[in-house]
Amino acid sequence: ETVRQLARRGGRSIISADAARLTMTGWGESEKMYRSLFRCYRYMNAVCSRTPILLLNEADQFLTSRVVVERSIDKSENTIVAILLEELERFEGILLATSNSVENLDVAFDRRFLFKIKLEEPDMEARFLIWKAMMPELDDNEARSLAKYSLTGAQIANVIAKRYLAELYREDSLGLEYL
């Protein structure tokens, strides 16, 4: 969500990389896909009026630690890490990488990031604002009572989505008690 808000405020597009789609089964195909990702980004950067954001969501899937080569797949995975290190070394643009598992990242990537920001869980006031933004129909007292629960923005969005689904299923409006 943070990346989406940064993009919205900056009027930028997001190019989101998906590790599952970049990883192929054919020999050498994954390496080609990773190189292609950066070629596409360079092209988009050249044609867009504002520099787009390249998002590596769940970056620990991309920026993994290299392993001792024991199988052919290990060599391929290490090659992908080398490609990413090379591409990031000469990267010109905006790259945002998100992860809940930073301990799984290869230390060689560390210096290639100018800023590293740890996002803490929102405090009560921030949760109040999130509830109000996501459900404008809540009055201040309702939003404050919901803000007492220690939830992240993503968890609040899930609660709201589940409520809307329950309302569709029941064909009835569910109140604050349901939330």
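Structure notes:
- Pair Arg170, Ala82: separation of 7 Å Cα→Cβ label points (nm): 5.9 nm
- Long-range amide H partners of Leu54 with built H, under 5 Å: Ile15, Ile94, Leu95, Leu96
- With DNA, RNA and ligands ignored, accessible area of Ser13 (1.4 Å probe; Å², nearest 10): 60 Å²
- Carbon and sulfur %, accessible surface of the chain computed with the full protein complex present, 1.4 Å: 53 percent
- The relative contact order of region 121-179 comes to 34 percent, based on Cα pairs under 8 Å that sit 6 or more residues apart.
- For the chain, the solvent-accessible area works out to 68 Å² per residue, with a probe of 1.4 Å and every protein chain left in place.
- Expected 222 nm ellipticity per residue - DSSP helices of 4 or more, -39500 (n - 2.57), all of the chain, to 500: -15000 deg cm²/dmol
- Rounded to 5, percent antiparallel among DSSP beta bridges of the chain: 10 percent
- Working from the Cα coordinates of region 73-179, the gyration tensor eigenvalues give, after taking √(5λ), semi-axes of 41, 17, 12 Å in decreasing order.
- Dipole magnitude for the chain: computed about the Cα centre from +1 point charges on Lys and Arg Cβ and -1 point charges on Asp and Glu Cβ, it is near 720 debye.
- Close Lys pairs in the chain (alpha-carbon distance under 27 Å; sequence gap of 8 or more, or different chains): 6.
- In this rough spin-label picture, where each label sits 7 Å from Cα along the Cβ direction, the Lys148-Thr2 distance is 2.9 nm.
- All C-alpha pair distances within the chain, sorted into 10 Å bins from zero, spread as 8, 28, 26, 21, 14, 3, 0 percent across the bins.
- For region 74-133, the fraction of alpha-carbon pairs lying more than 18 Å apart is 53 percent, rounded to a whole number.
The values are calculated or read from the model by the stated rules, or taken from the named source; none is laboratory data. The model shown is predicted, which means the values in this text are computed figures rather than measured ones. Neighbour counts run over all protein chains shown; Cβ positions are idealised from the backbone, glycine included. Only protein heavy atoms, including side chains, enter the accessible area calculation; ligands, DNA and RNA are left aside. Shrake-Rupley method; radii C 1.70, N 1.55, O 1.52, S 1.80 Å.
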